[in-house]
Amino acid sequence: AITQIRARRIWDSRGRPTVEVDVTLADGSTGRGVAPAGASRGSREALDLRDGGERLGGFGVVKALRAIETEIAPVLIGRDGTDQAGIDAAMIALDGTTLKSRLGGNALVAVSLAVLHAAAASAGKPLWQYLAGDGPVSLPMPEIQIFGGGAHAGRRIDIQDLMVMPIGAKSVAEALEMTAEIYLSAGRIMQSRGLIAGVADEGGYWPAFSTNEEALDTLVAAIEGAGFDPATEAAISLDIAASEFGSNGHYRLGLEKRELDSDAMCDLLLDWCARYPIASIEDPLAEDDRAGLIRFTAAAGGKVQVIGDDYLVTSAEKVERAAADNAVNAVLLKVNQAGTITETRAALQAAQRHGFGTVVSARSGETEDVAIAHLAVGWNAQQFKVGSFARSERTAKWNELLRIEEALGANAHFAGTAGIRGIGK
Ligand code: PGA
Ligand code: ZN
């Protein structure tokens, strides 16, 4: 049974406060959970409880900590710490709102993760193994950001994430070594062209490009400069995060000072997919543009993975609807979008039932916490997206994946391209 729940304020990778929770069970096992934080959030994701006001830019978490101490802890103490579904359901009922705004998604997700870790500790297993049970596990294909943009780089370019997927790799270790070469190669090109303006929120270069296509061309040059073939060894993956610059069927490309309607936006992306080695594209249209997404996926979904992030907000119900609609063919899974482990897993299982690609993802605001590496492996999600190849809150997750791959030894199975719609299936 749960005997103690402690909540504290710690600091995330943007220097903002966030919630950390320690849970103790009667057998002495402990678990720790940390809430991450997004910057380009879907409008239907769980809402963090923030203090508001002047102090800490309004990002304070005193109210969220108080919600844990005075409301959540009294309800959970004494309950079975291995009953994740029961604990998450109790928190959801206690909160009572659709977007978890009363107690805060940040409070709920930190407690939910802490309980999960405590249960794994009590079973004497690493988290990935505890989650997998007798089910299959695989090491996920990484998607690694090289250039940051959108809300993570002062909207310097419209595309939020320009990433690579090392599709030719045979293991995580090889995938990450290829990434290291590409990240270095991109840095050399950017340096020589005077295009580096620092690093963005997730560690990718903060670029001084004049067009979105210059970003795509430079990424291809970086891949080739590292000695890889973009068609067969290291392909491009994009997160357009279109909800950040599009709504009501209007898309405003700030960099190129162009306004497009939904059809024109769709055509622009289809043109990029035809001209560049793009394997995957996330949130190509805005979260309110269901018709645009359906049109894009009908045209591109046979060759390209189309991921719903803001569009699906890690909701099993939305995954079901998207499957019925053929609006996307893959889902991004972020624990704090759903707000609890149980709901995140339900979204993953719905996606697996429908043959969707599954991508466990970090947020742009992160900490040294590595739980999501274990979720990706233990849940047999076949792709993993945690930002770039710099900044320790990012590399902590890649490095944990390497440790898990080593621990699996001869049993390590790398998903490779198998889980990528359009390439693998
Ligand atoms: P966020 O964005 O964590 O800033 O919301 C990440 C993403 O869009 O995938
Ligand atoms: Zn996204």
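The values are calculated or read from the model by the stated rules, or taken from the named source; none is laboratory data. Since we're looking at a predicted model, the values are computed, not measured. Every residue, glycine as well, gets a Cβ built from its backbone with ideal geometry; the counts of neighbours run over all protein chains shown. For the accessible areas, the whole protein counts, side chains as well, though only heavy atoms, and no ligand, DNA or RNA atoms are used. Shrake-Rupley method; radii C 1.70, N 1.55, O 1.52, S 1.80 Å.
Some observations on this one:
- The single condition from (1) within 19 Å of the chain's Cα centre (by Cα); (2) more than 26 Å from residue 175 (Cβ to Cβ) that residue 312 fails is (2).
- The lone exception for residue 100 - which of (1) in a loop (DSSP other than H, G, I, E, B); (2) at negative phi it fails: (2)
- Residue 260 being away from ligand 1 (no atom under 16 Å from the Cβ), free of Cβ contacts under 8 Å to residues at least 40 places away in the same chain and open to solvent by less than 30 Å² (accessible area, probe 1.4 Å): yes
- Of the criteria (1) in contact with a Gly (Cβ under 8 Å, 6 or more places away or on another chain); (2) of a type in the set (A, V, I, L, M); (3) farther than 25 Å from residue 152 by Cβ, which one residue 323 fails: (1)
- Among the residues listed as 12, 48, the single one being within 16 Å of ligand 1 (Cβ to nearest atom), within 30 Å of residue 155 (Cα to Cα), at pLDDT 95 or above and open to solvent by 30 Å² or more (accessible area, probe 1.4 Å): 48
One line per residue, one yes/no per condition, for (1) of a type outside the set (Gly, Ala, Ser); (2) within 14 Å of residue 335 (Cβ to Cβ):
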site: 23; (1), (2): yes, no
site: 35; (1), (2): no, yes
site: 54; (1), (2): yes, no
site: 62; (1), (2): yes, no
site: 69; (1), (2): yes, no
site: 74; (1), (2): yes, no
site: 109; (1), (2): yes, yes
site: 127; (1), (2): yes, yes
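- Condition broken by residue 98, with the remaining ones in (1) touching a residue at least 60 places away in the same chain (Cβ under 8 Å); (2) open to solvent by 70 Å² or more (accessible area, probe 1.4 Å); (3) under 22 Å from residue 345 (Cα atoms) satisfied: (1)
- Matching option when the condition is open to solvent by 10 Å² or more (accessible area, probe 1.4 Å) and in a helix (DSSP H, G or I), among 197, 151: 151
- Region 309-337, subset among the charged types (D, E, K, R) and part of a helix (DSSP H, G or I), residue surrounded by the most Cβ atoms within 10 Å (Cβ to Cβ): 318
- Among residues of region 1-34, those that are out of contact with any Lys or Arg (no Cβ under 9 Å at 6 or more places or on another chain) and of a type in the set (A, V, I, L, M, F, W, C), counted: 6
- Within region 338-425, helices (runs of 4 or more DSSP H) holding 3 or more residues that are open to solvent by 40 Å² or more (accessible area, probe 1.4 Å), at pLDDT 95 or above and over 18 Å from residue 311 (Cα atoms): 392-408
- Those residues of region 298-316 which are at positive phi and either away from ligand 2 (no atom under 11 Å from the Cβ) or out of contact with any helix residue (DSSP H, G or I) (no Cβ under 7 Å at 6 or more places or on another chain) (or both), in sequence order: 314
- Residue match in region 116-125 (condition: within 18 Å of residue 346 (Cα to Cα), part of a helix (DSSP H, G or I) and in contact with a Leu (Cβ under 9 Å, 6 or more places away or on another chain)): yes
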